[in-house]
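Okay, structure first, notes after.
The values are calculated or read from the model by the stated rules, or taken from the named source; none is laboratory data. Remember, it's a predicted structure, so these values are computed and weren't measured experimentally. Virtual Cβ from ideal backbone geometry, glycine too; neighbours counted across all protein chains shown. Only protein heavy atoms, including side chains, enter the accessible area calculation; ligands, DNA and RNA are left aside. Shrake-Rupley method; radii C 1.70, N 1.55, O 1.52, S 1.80 Å.
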Amino acid sequence: MNLGEVKKLAAAATRFWLKVKGWISWPLAQTDPLTCTLSMLNLIAYQRDITRFDGEPLWLYRKRVNFAFLNAQDSGSLIGFYRIFQRLGVGEIIQLERQPGIDWDVIIIRMNDSQLASNSALIQEIIRQYGRTCRRYQFQVVNTAATAIHAGEFDNDHQVCVATLDKNIRIMTEDTVYLLTDDGFFLTV
């Protein structure tokens with residue numbers, strides 16, 4: 001046999017076994033929500049009680065299906081709700097419960113306006129699916145702005161002296177002293 005024929009046979013066998021490996025590993029790859037086909041993703045989503053909302057991008061739908069179990073575990077607690085928002089890419093939020101002057105069942109979620117504007121449908125879906133039962137949610141938009149403060153010294157002295165004179169008292173002094181009365185007149189002593 002020629003050396004070239006052996007190389008051709010080895011290359012053909014390698015291609016064949018790579019195809020076989022792909023055929024065998026394809027069903028295993030279909031169980032991963034991040035890489036499976038869309039029809040299989042819809043089946044996995046149905047199994048995990050996830051519905052795709054209108055206008056949801058495919059990458060976000062895959063991420064929601066992938067983290068459905070963890071999100072269900074984390075629902076119901078403050079830190080868990082924070083983790084859900086982090087996992088799905090909304091960003092950092094602040095949650096406040098039982099604030100004075102607000103009903104006891106209201107949970108305030110603070111976030112910046114870009115988070116709320118770009119993820120409004122996703123936030124509503126998170127609250128619908130993982131929010132606490134018998135609780136109402138309010139959003140507070142908090143924006144931060146960079147400021148600069150210059151510290152400097154401001155030194156100004158001001159002194160007001162008020163004196164009253166009794167008619168029986170005489171003031172003896174060598175220097176001229178000016179006194180201001182309650183009526184606004186200057187007395188020279």
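Quick notes
- Across the alpha-carbon set of region 34-76, the Rg to Rh ratio works out to 0.96, Rh being the Kirkwood radius.
- Dividing the Cα radius of gyration of region 1-112 by its Kirkwood radius returns 1.32 for Rg/Rh.
- Dividing the summed -39500 (n - 2.57) terms of all DSSP H runs of n ≥ 4 by the residue count of the chain sets its mean residue ellipticity at 222 nm at -13000 deg cm²/dmol.
- Principal-axis tilt of helix 78-87 within the chain, Cα atoms, nearest 10 degrees: 60
- Nearest-20 debye value, the chain charge dipole, Cβ charges on Lys, Arg, Asp, Glu: 2520
- Across region 103-147, Cα pairs under 8 Å and at least six residues apart give a relative contact order of 65 percent.
- Solvent-accessible area, 1.4 Å probe, carbon plus sulfur percent, for the chain: 56
- Dipole orientation for region 1-64: of the candidates 46, 36, 58, 36 has the Cα lying most toward the positive pole (charges on Cβ; Lys, Arg +1; Asp, Glu -1).
- Between region 37-95 and region 107-135, the Cα center-to-center distance that results, in Å: 13
- Rg ratio for the chain: its Cα radius of gyration over 2.2 N^0.38 Å, N being its residue count, equals 2.38.
- DSSP beta bridge pairing in region 34-148, given as percent antiparallel to the nearest 5: 40
- Dipole of region 66-162, positive end: most advanced residue of 88, 117, 72 [Cβ charges, Cα centre]: 72
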